[in-house]
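First the structure, in the form of structure tokens, and then the observations on it.
The values are calculated or read from the model by the stated rules, or taken from the named source; none is laboratory data. It should be emphasised that the depicted structure is a prediction, and the values quoted were computed from it without experimental measurement. Cβ placement follows ideal geometry from the backbone for every residue including glycine, while neighbour counts extend to all protein chains displayed. Side chains are part of the model used for accessible areas, which takes the heavy atoms of the whole protein and leaves out ligands, DNA and RNA. Shrake-Rupley method; radii C 1.70, N 1.55, O 1.52, S 1.80 Å.
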Amino acid sequence: MSEPVLVVEGLRKHFVAKKGFPKPRTVRVRAVEDISFTIKAGEAFGLVGESGCGKSTAARALLRLIEPDAGTVTWKGENVLTAKGAALKALRRRMQIVFQDPYSSLDPRQSIGDALMEPMRVHGLAEGKEARRRAAALLEEVGLPPAALDRFAHEFSGGQRQRIGIARALTVEPELIVADEPVSALDVSVQAQVLLLMQDLRKRRGLSFLFVSHDLSVVRWFCDRVAVMYLGRIVEEGPAGRVLANPLHPYAQMLRDASPIPDPSRRGVLPRIIGEIPSAANPPPGCPFHPRCVHAMPQCSTQMPAWTAAAGDNQGGVACHLHG
Amino acid sequence: MALFPLPRFAGEGWGGGSAMTGFVIRRLLAAVPTLIAVLTLVFIIVRIVPGDPALVILGDQATPEAIAALRTRLGLDRSLWAQYFSFITSALMGDFGVSMVTGRSITAEVAAVLPHTLDLTIASMIFGVVVGVPVGIWAALNRNGVVDVAARVLSLLGLSFPVFVSGIFLLLAFSLHWRWFPVIGGADLADYGDRLHKLVLPTVALGLIMAAYITRVTRSAMLASLGEDYIRTARAKGVPWRRVVWVHGLRNASIPIVTVVGLYVGILLGNSVLTEIVFNRPGLGKIIVGALNQRDYTMLQGLMVIYCFLIVVVNLITDLLYGVIDPRVKAE
Amino acid sequence: MSTTSELVAPPAPTGWKRALGKARSNPTTAVGVVICLLIMAAAIFAPWLAPYDPAEQDIFNRLQPPSAEFWLGTDQFGRDILSRLMWGGQISLTVSLGAIFAAAIIGGAIGLVSGYIGGKFDLFVMQVMDVLLSFPSLILGLIVVALLGPELVNLVVAIALTAVAPFARVARAPTMALKERAFVEAGRALGFSHTRVLFRHILPNILSEVMVMGTLWLATAVRVEASLSFIGLGVKPPTATWGGMTRDGFENILDAPWLAVFPGIAILLLVLGLNMVGDGLRDATDPKLRNE
Ligand SMILES: Nc1ncnc2c1ncn2[C@@H]1O[C@H](COP(=O)(O)OP(=O)(O)OP(=O)(O)O)[C@@H](O)[C@H]1O
Ligand code: SF4
Ligand SMILES: [Mg+2]
């Protein structure tokens, strides 16, 4: 396939918070412990896992919306984590983000036109009439009339706002879009429309995607490759078809077995039935999944399983003692 | 608008234990950093804002020698840090300095008149509570009725009265026109009847704001508390309405009321200055005005420190009252 | 391309506009607005409306009670009270508006930046604000004017200083909430600088709250200015100030009570009017009361 555009290696982000009123203690939430993956040009890379496993944190850290504690992020050979000033600004143009909550992702006091033209001005892409023309064209591209330019966010429905959010991301002509659960806050009826729009844009503009989601069937439909996250780590990675249909890792198997629910209104929520909810503040030793794992062996609770390539060409890998 | 919490500091640990004494000691210790912070503010305002205080005191025409002499006398020739350190330490040890004009100890001057100011402030506070709480409850029970509307309009009027205006109006009506109360307000501290008699008008003038604020707070706190589930449950269970209102409703409303009382004691202290001028009462206000007229710089600074102490003490009392009213505060 | 969904909701007024709309339907607010506008008009047009020169002394008409010739009487120098009140209103309004404007800008900026940066810096700044807040505003203003000297600018500075902390608090809370919203992060991702995010995106969203606070504090500022003038720390005579006039009248209270009463009423009316407007605006913007 094509060459890698985004390479993430050993990304880590911990949150330190003081908790408890009578006797405050310092709690270290290991939201992202150690994450490595590569996204190739035009590829859609899925990131799945239960709520709280660190998906959003990873996405925000690699975009430097929060500063990661360790690791490297490389965009086409350029170090993202050390970039400053103009270099960082130029890098930001290459990678954009679409948020989960369409209600808070637009400035309530800014007209849609201004929201679309401001990034063009900031990056010196277009001014005045030309910017407005481009903004109108982008709105059309995401399926909204040019009249929307002079409206404000609160006049739109959730699905429409998400389209506007996508148009805003496109204003700076990015090559990669990080979509953090872009449809999970939307009505089921409009989810498909927005997904179709993104698929369409991806094909037409040759965009790469980092697609964060709960919803395995959506990921399977949208993504080429997928990584399964558990407690801040990637436990399995590989082609979407293989990982979601024939997962190697017991946790991924559990997700798969609980997931194929044809009823779309019940999709989007991963089961939390088996075992206790994991805590990123207090991760277990050894394999982080061992307290819930049906295959757990004695070494699982003491030894962190190493990353092992899956059989076959380009089939990704897994971190589990069963496959060590 | 004004329900700001009292100054709190990061170091304020709550620790374990829930005994009242432990609580009191912790609050006392917590007040020390507050005090130092407030004193620092005073220092900044007095030493840094006006430039060279010696110049401010003596005016532009003063000779350089006179200025140098005054600077030495005020200790301004020392380094800023040395001045700051000695200012804080002597203030914390209760030494507020001497008046530049009379040479007398500021503590002594203040102690001589403080009872008058305290009389006035405490009486106004009581007046505010005695008027404000029942009116607020009455208004809340008659929500949007005549009483409620009247209470709202009158409380708005009450808190719009600058204290010297209400003071003058009261003086004109009750002292000059009807001659029920004396014009001169300095009472003999030992004669309690006289003291009380001369306190009436100033108390009403100053307590008006307090009554207005307390009416408003009581009204909204009562409305909020009467809307709560357990009040409805109590009613449903047949607890007499009067009892529900006074026992359950008021107990809940008491926290915001105490907050407001504590918060506005500062305003009362500030406005007592005006009241004392209008009613010609001895007190801190009189001393302040005297110091202003005589450019008694050390006296002003000392007074400011004393006000700080008073405010911190009031905050402390408010906090302790919380502990009494609401046992949860202690346990937390 | 996928379907064009039509635009749904009609434009609804937001924030400040909605507050104004709601406030207008409230009789108290309406009365307050009328009072404030009348006083402002009288002060602004004093040069044309005032029947006499406010500084002109007339020894033959000293201490005249209210009459057809001098509607509100004259003072101990024979100056017309009504004219002096109209001119004095300019001082009250200038000082209070100036002070609140300065406090809103400085306090608002402090709250905005402190809330946006957060962390230890925010903790420190807010503790400083708390200390400032714990001081009675009248005493603080009094000492600062005493140290700086009773001039108009210094009055503005002193009163502004007493109002900075509340504005900082009022600006900080919504800033902290807004900075967590995705549109701020989207701006950062789009390469906007912190300054741009702060002033182009967060500031417009907190402006209405700061403005409501401004109206409420304007009343306090008028009261503090009048009180300082009454104590003798106002703009120096012969300039007419309401507090100063009350003080002069108070010294002649046995002979000519109207001298103190009329300026007192003027102060009361302006403070009351501003409180009425501020109250209405606050009720209209307070989310807790919105559903009532
Ligand atoms: N700013 C923060 N401060 C402290 N802890 C945080 C912060 N942001 C996230 N966390 C914690 O980090 C962990 C991972 O959060 P994250 O939002 O990345 O999870 P997620 O996989 O995106 O979950 P979801 O599916 O619910 O969005 C959670 O335990 C969360 O509570
Ligand atoms: S390493 Fe052990 S505990 Fe972890 S998933 Fe594999 S089998 Fe289960
Ligand atoms: Mg998330």
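What figure, in Å² to the nearest 10, do you get for the accessible area of residue B:80 with a 1.4 Å probe and non-protein molecules left out?
Roughly 90 Å² of residue B:80 is accessible to a 1.4 Å probe.
Quick check for me: using +1 on Lys/Arg Cβ and -1 on Asp/Glu Cβ, what's the dipole size of chain A about its Cα centre, in debye to the nearest 20?
Rounded to the nearest 20 debye, it is 700 debye.
With a 1.4 Å probe and every protein chain left in place, tell me how much accessible area residue C:135 has, in Å² to the nearest 10.
10 Å²
For the stretch A:1-136, please report how many Lys pairs fall under 26 Å Cα to Cα, leaving out neighbours fewer than 8 apart on the same chain.
Qualifying lysine pairs in the stretch A:1-136: 18.
Identify the residues of the stretch C:153-172 with backbone N under 18 Å of a label point that sits 7 angstrom from the Cα of residue C:94 along the Cα-to-Cβ direction, or state none.
C:153-160
Can you give me the distance in nm between label points at residue C:31 and residue A:140, each placed 7 Å from the Cα along the Cα-to-Cβ direction?
Roughly 5.9 nm, to one decimal.
Could you state the angle between the C-alpha long axis of helix A:188-205 and the longest principal axis of the C-alpha atoms of chain A, as a value from 0 to 90 degrees rounded to the nearest 10?
80 degrees
Go through B:295-304, A:53-62 and give me the packing order, highest mean Cβ count within 10 Å leading.
A:53-62, B:295-304
Given a 1.4 Å probe and heavy atoms of the protein chains only, how would you sort B:107, C:246, largest accessible area at the top?
B:107, C:246
Per residue of A:101-112, count partner chain C-beta atoms within 10 Å of its C-beta, then hand back the mean as an integer.
5
Could you please state how large a percent of the accessible area of the protein assembly as shown is carbon and sulfur, counting protein chains only and using a 1.4 Å probe?
Numbers: 25360 of 41000 Å².
Its accessible area is 62 percent carbon and sulfur atoms.
Okay, helix-only estimate at 222 nm for chain A: each DSSP H run of n ≥ 4 adds -39500 (n - 2.57), divide by all residues, round to 500 deg cm²/dmol; what do you get?
My calculation for chain A gives -9000 deg cm²/dmol from helical runs alone.
Just round it to a whole percent: the fraction of Cα-Cα distances in chain A exceeding 35 Å.
Beyond 35 Å sits 23 percent of the P(r) for chain A.
Looking at the stretch A:95-198, I'd like the Rg to Rh ratio, where Rg is from alpha-carbon atoms and Rh is Kirkwood's inverse mean 1/r.
For the stretch A:95-198, the value is 0.94.
Could you work out the local net charge near residue C:158, counting Lys and Arg as +1, Asp and Glu as -1, over the other residues with Cβ closer than 12 Å to its Cβ?
Within the 12 Å Cβ shell, the charges total -2.
What ratio of Cα Rg to 2.2 N^0.38 Å holds for the stretch A:65-118?
Against the empirical 2.2 N^0.38 Å value, I get 1.43 for the stretch A:65-118.
Regarding the stretch C:60-141, what's the average projected area of the Cα-atom convex hull, expressed in nm²? Each step should come with its number before you reach the end.
Numbers: hull surface 30.2 nm².
Convex hull of Cα atoms, orientation-averaged projection: 7.6 nm².
For the stretch C:196-256 and the stretch A:95-150, what is the centre-to-centre distance using only Cα atoms, to the nearest Å?
44 Å
Residue C:62 to residue C:193: extension gain in nm, 0.36 nm per residue of separation minus the Cα-Cα distance?
Difference between extended and current length: 40.6 nm.
Between residue C:55 and residue C:101, what is the label-to-label distance in nm when each label sits 7 Å out along the Cα-to-Cβ direction?
Placing both labels 7 Å beyond Cα along the Cβ direction yields 2.3 nm.
List the accessible area buried at the contact between C and A, summed over both sides and calculated with a 1.4 Å probe, in Å² to the nearest 100.
Values: alone 15990 and 15160 Å², together 28250 Å².
The C and A chains share an interface burying roughly 2900 Å².
When you look at the Cβ of every residue in C:116-129, what mean number of other chain Cβ atoms sits within 10 Å?
1
In square nanometres, what is the average projected area of the Cα convex hull of the protein assembly as shown?
That works out to 49.2 nm².
Translational diffusion coefficient, Stokes-Einstein: compute it for the stretch B:237-330 using the Kirkwood radius over C-alpha pairs as Rh, at 20 °C and 1.002 mPa s, and state it as an integer in µm² s⁻¹.
Answer, rounded: 134 µm²/s.
How big is D, in µm² s⁻¹, for chain C by Stokes-Einstein at 10 °C and 1.306 mPa s if Rh is the Kirkwood radius over C-alpha pairs?
It diffuses with D of about 75 µm²/s by this estimate.
Residue C:180 versus residue A:127, label points 7 Å from Cα toward the beta carbon: distance in nm?
With each label placed 7 Å out from Cα toward Cβ, I get 4.0 nm.
Shielding by partners for B:39-46, please: the mean number of other protein chain Cβ atoms within 10 Å of each residue's Cβ.
Average per residue, whole number: 3.
Using only Cα atoms and rounding to the nearest 10 degrees, what angle (0 to 90) does helix C:152-179 make with the longest principal axis of chain C?
The helix C:152-179 is inclined about 20 degrees to chain C.
I need the calculated FRET efficiency for the pair residue A:199 and residue A:313, taking r as the beta carbon distance and R₀ as 35 Å, to the nearest 0.05.
0.85
Using 1/(1 + (r/R0)^6) with R0 = 22 angstrom and r between the beta carbons of residue B:142 and residue B:239, what's the FRET efficiency to the nearest 0.05?
The calculated FRET efficiency here is 0.60.
Could you state the angle between the C-alpha long axis of helix A:85-94 and the longest principal axis of the C-alpha atoms of chain A, as a value from 0 to 90 degrees rounded to the nearest 10?
Roughly 90 degrees between the two axes.
Which of the listed residues, A:41, C:152, C:105, is farthest toward the dipole's positive end in the protein assembly as shown, when Lys, Arg count +1 and Asp, Glu count -1 at the beta-carbon?
A:41
Assigning unit charges at the beta carbon (Lys, Arg +1; Asp, Glu -1) and nothing else, what dipole magnitude in debye, to the nearest 20, does the stretch C:140-193 show about its Cα centre? Don't jump to the answer; show the numbers that get you there.
On the way: 5 positive and 3 negative charges, 48 e Å.
Taking the Cα centre of the stretch C:140-193 as origin, the dipole is about 240 debye.
Please give the charge dipole size of the stretch A:115-264, origin at the Cα centre, charges +1 on K and R Cβ atoms and -1 on D and E Cβ atoms. Round to the nearest 20 debye. Each step should come with its number before you reach the end.
Details: 18 positive and 19 negative charges, 70 e Å.
With Lys and Arg at +1 and Asp and Glu at -1, about 340 debye.
Which of B:101, A:255, A:29 sits closest to the plus end of the dipole of the protein assembly as shown, meaning its Cα is farthest towards the positive end, when Lys and Arg get +1 and Asp and Glu get -1 on the C-beta?
Of the candidates, A:255 comes out farthest on the positive side.
Given the protein assembly as shown, what percent of its DSSP beta bridges are antiparallel, to the nearest 5?
Close to 65 percent.
Dipole of the stretch C:174-224 (Lys/Arg Cβ +1, Asp/Glu Cβ -1, origin at the Cα centre): which of C:211, C:182, C:199 lies farthest to the positive side?
Towards the positive end, the residue furthest out is C:199.
Return the single residue from C:97, C:259, C:37 with maximal mean-square fluctuation; model: Gaussian network over chain C, springs between Cα atoms under 10 Å.
Comparing C:97, C:259, C:37 in the GNM, the peak value goes to C:37.
If R0 is 51 Å, what FRET efficiency do you get for residue B:280 and residue C:117 from their C-beta distance, rounded to 0.05?
Efficiency, from the Cβ-Cβ distance: 0.50.
Given the Cα-Cα distance of residue B:200 and residue B:95 and 0.36 nm per residue of separation, how much length would full extension add, in nm?
The span from residue B:200 to residue B:95 would gain 34.4 nm if fully extended.
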